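Nothing in this text is a laboratory measurement; each read-out follows from the coordinates by a stated rule. Owing to the predicted nature of the structure, the values given are computational and were not obtained by experimental measurement. With ideal geometry, Cβ positions are generated from the backbone for all residues, glycine too; neighbour counts draw on all protein chains shown.
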Amino acid sequence: MIHIVDYKAGNITSVQRALNFLGVESVITADSDSIRRAEKVIFPGVGQAASAMKALRERGLDQALRDAFARGIPILGICLGAQIVLTRSEEGGTDCVDLLPGECKRFAFSDPALKIPHIGWNRVRLVRDHPMLRGMGPEDEFYFDHSYYPLPEDPARILAECEYGITFPAVIGSANLIAVQFHPEKSGPAGLRILTNFAGWNGTEKAE
């Protein structure tokens, strides 16, 4: 059973619909103890870092995520959930969940043709093999909608990259955590493959 973290930060039902389509059992919950006991956790989100962290702290979900990570529970962060798993965000100077050392940075472009937020389909380039990215091809495109991007302290934690004015991390991970800046639930067959891989992932960085 996959537990989807509910902290009033959007795109939760679309994630569950995608899992239902795949025949993967899931539950949406705001209960911190349920997150700690979960078999797997999806940490989705859209919106603003400071308000998201406020909601997580009010429900004790930030600590529940830390406890789940420490226990080795497989965790998938999506979009905002991929940003606030880091130590800090430039968005509001916000202290985040800190599962993975690093900072969430804002896009800054001098070219007016490069709009912020970055919205739409874009190719993602695999940097390092990982069981969660099994089956990803060089032509695969994923759907993005974001003004900030995750930047881990350790470049070895970058698993895949995307080009939009700069090269930025599109997938990051460490141990039993993987986080994607794009929306797999809105990314067609390529995105569904990510969710399928997560449903079968044991939380290690090497193929089973």
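See the values below:
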{"read-out": "Tensor-based shape of region 102-163 (alpha-carbon gyration tensor, a/c under 1.5 rounded, otherwise prolate or oblate)", "value": "oblate"}
{"read-out": "Linear extension gain, Glu39 paired with Glu161, 0.36 nm per residue minus alpha-carbon span", "value": "41.1 nm"}
{"read-out": "Global form of region 42-110, assessed from the alpha-carbon gyration tensor, a/c cut-off 1.5", "value": "prolate"}
{"read-out": "Region 141-178: GluC sites (Glu not before Pro) falling in loop per DSSP and having at most 15 other Cβ within 10 Å", "value": "Glu153"}
{"read-out": "Mean residue ellipticity (222 nm) of the chain, computed from DSSP H runs ≥ 4 via -39,500 (n - 2.57), nearest 500", "value": "-7500 deg cm²/dmol"}
{"read-out": "Cα centroid separation, region 98-141 to region 13-71 (Å)", "value": "22"}
{"read-out": "Most mobile of Thr167, Thr13, Thr29 in a GNM of the chain (Cα contacts under 10 Å)", "value": "Thr167"}
{"read-out": "Lys pairs, the chain - Cα-Cα below 28 angstrom, 8 or more residues apart or on other chains", "value": "15"}
{"read-out": "Dimensionless Rg ratio for region 2-199, taking C-alpha atoms and the 2.2 N^0.38 Å reference", "value": "0.94"}
{"read-out": "Global form of region 122-202, assessed from the alpha-carbon gyration tensor, a/c cut-off 1.5", "value": "oblate"}
{"read-out": "Contact order relative to length of region 53-157, as percent, for alpha carbon pairs under 8 angstrom and 6 or more apart", "value": "25"}
{"read-out": "For the chain, share of DSSP beta bridges that run antiparallel, in % to the nearest 5", "value": "60"}
